[in-house]
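The values are calculated or read from the model by the stated rules, or taken from the named source; none is laboratory data. Note that the structure is a prediction, hence the values are computed from the model and not measured. Note: ideal-geometry Cβ built from the backbone for every residue, glycine included; neighbour counts use all protein chains shown. In case anyone asks, the SASA skips ligands and DNA or RNA and just uses the protein heavy atoms, side chains included. Shrake-Rupley method; radii C 1.70, N 1.55, O 1.52, S 1.80 Å.
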Amino acid sequence: MKKIDPKVDEAIETLNMKDGPSRRRLLAGTGLVSATAAASALLTACGSSTNSSSSGTVKITESGAAAVAGNFPKTPAWKYWFVNHADTNEFFTPTKYGYTDAAALLGLPTPNWGGDPNSNEANMINYMQSAISAKADGIALAAISNTAFTSVVSQSMNSGIPVVTYNADGIYANGVPEIGTNRLAYVGQALYLSGQAMGEQIKTLVPGGGHIVIFIATPGTGNIQPRFDGAKAVLGSAYQIDEIGTTTVDATELSDEKSYMLGHKSTLKGAFAVDSGSTANLAAALAGSGVSVPAGGFDTDPRTLTALQNGKINFTIFQDPYLQGFLPVLYMYLYNLSGGQLAPPDTDTGLTILNKGNVGQFLKNSRFQGGASAQAYLPRPLGAISQPAATTST
């Protein structure tokens, strides 16, 4: 039996590594020029992860990540497919990074991505049929309808292909979810609750009621209509609420918002939005129309964050699109790995209200927000963690 190098032993104890391929390679020094050099480099990589760079990020080396990888057994190269309703929209850039990172972590091929750029349900169904024909090992679906995907999800499940939904999970009718599929689980924001949270923000910004507008890219779709409905339920009859569709085309969203504001500037008391693109264009529409009213919406498009930092809008609500890519891959992997014993749970990816006071950490470019492609570690701010009381135990 080979004598264990002291540095190898130190590395193993420092990392609290379980028995597995990575541990055994270090013990044997297999394929390494020097076990001492390899272990020293490993310890250096671990130590460096606690130090911040001048940009507030720390690079994680590939060798360091590989050395502390998990201890799962070898599996087939499971291939997952993501079916999306806005598959060219920059909002989903973090989602793509999320599923890419999860697949890399688990040693799987990068999932396929497709569907339709403009919420065309027929095209989404066709893409899902392609996944079924290709014998996908799992499908993640943005279910923007409670009826359109019932049959194809049932077909997938009957074929032994697990389905989870993300970002959207049917619709809400009078605040009650109508899911419409037999998917395994949903990973995404509690959409109706997020709309109610927006309604509470509006009430503080426009107290007493009055004329407001809520812009929405695609009225009626399950990914954003529940937010409008939730906000309307909270605001009540004291508010005159105009629901204005803006499409999913960025330039059209801006022109539609600006045109509306120019036509209602004498009575308008607030301008809000329930989707990423419509929110991102609020500040420019307000400036272009010469309207100065409270404003806010959803998601963390760079334009939204800049407007928030500069005080041009008052709030935005974050739903964590990165997790909406990462978690479905992890859940489908564990479901397949465990022979179906580990059924995925419904997961609320969050309802974080950002304002000028707490937006700073979100201004750092990262894969988590889609602003940078490089892998990086973002140190958390020092001090107390400020988190509002929970509103749901989902």
Could you count how many residues in the stretch 301-338 are open to solvent by 20 Å² or more (accessible area, probe 1.4 Å) and part of a helix (DSSP H, G or I)?
13
Just to be sure, is residue 95 open to solvent by less than 40 Å² (accessible area, probe 1.4 Å), hydroxyl-bearing (Ser, Thr, Tyr) and under 21 Å from residue 250 (Cα atoms)?
yes
Considering only residues that are of a type outside the set (A, V, I, L, M, F, W, C), touching a residue at least 12 places away in the same chain (Cβ under 8 Å) and closer than 17 Å to residue 95 by Cα, look in the stretch 353-370 and name the one that is most open to solvent (accessible area, probe 1.4 Å).
369
List the number of the failed condition for residue 362; all other conditions in (1) out of contact with any Lys or Arg (no Cβ under 9 Å at 6 or more places or on another chain); (2) at pLDDT 95 or above hold.
(2)
Can you tell me which condition residue 199 does not meet? The list is (1) free of Cβ contacts under 8 Å to residues at least 12 places away in the same chain; (2) part of a helix (DSSP H, G or I); (3) among the small types (Gly, Ala, Ser), and all the others hold.
(1)
Could you give every pair whose Cβ atoms fall below 6 Å, whose first residue belongs to the stretch 69-87 and is within 14 Å of residue 112 (Cα to Cα) and of a type in the set (Asp, Glu), and whose second residue is modelled with pLDDT of 90 or more and not in a loop (DSSP other than H, G, I, E, B), counting only separations of at least 6 or pairs across chains?
87/114; 87/115
Members of the stretch 153-185 found to be crowded, with 18+ Cβ neighbours inside 10 Å and within 16 Å of residue 80 (Cβ to Cβ), listed by number
153, 156, 161, 162, 163, 164, 165, 166, 167, 183, 184, 185
Taking the stretch 83-109 and the residues there that are acidic (Asp, Glu) and part of a helix (DSSP H, G or I), the one that is modelled with the lowest pLDDT would be 90
Restricting to the stretch 202-225, count the residues that are more than 22 Å from residue 280 (Cβ to Cβ) and free of Cβ contacts under 8 Å to residues at least 60 places away in the same chain.
6
Quick one: in the stretch 268-294, which of the residues that are assigned to a strand (DSSP E or B) and within 23 Å of the chain's Cα centre (by Cα) is nearest to residue 86 (Cα to Cα)?
273
So is residue 347 surrounded by 15 or more Cβ atoms within 10 Å (Cβ to Cβ) and within 30 Å of residue 137 (Cβ to Cβ) or not?
yes
Selection over the stretch 272-320 where residues are touching a Pro at 6+ places or on another chain (Cβ under 9 Å) and of a type in the set (D, E, K, R) yields a count of 2
Take residue 127 and tell me if it is touching a residue at least 12 places away in the same chain (Cβ under 8 Å), in a helix (DSSP H, G or I) and among the hydroxyl-bearing types (Ser, Thr, Tyr).
yes
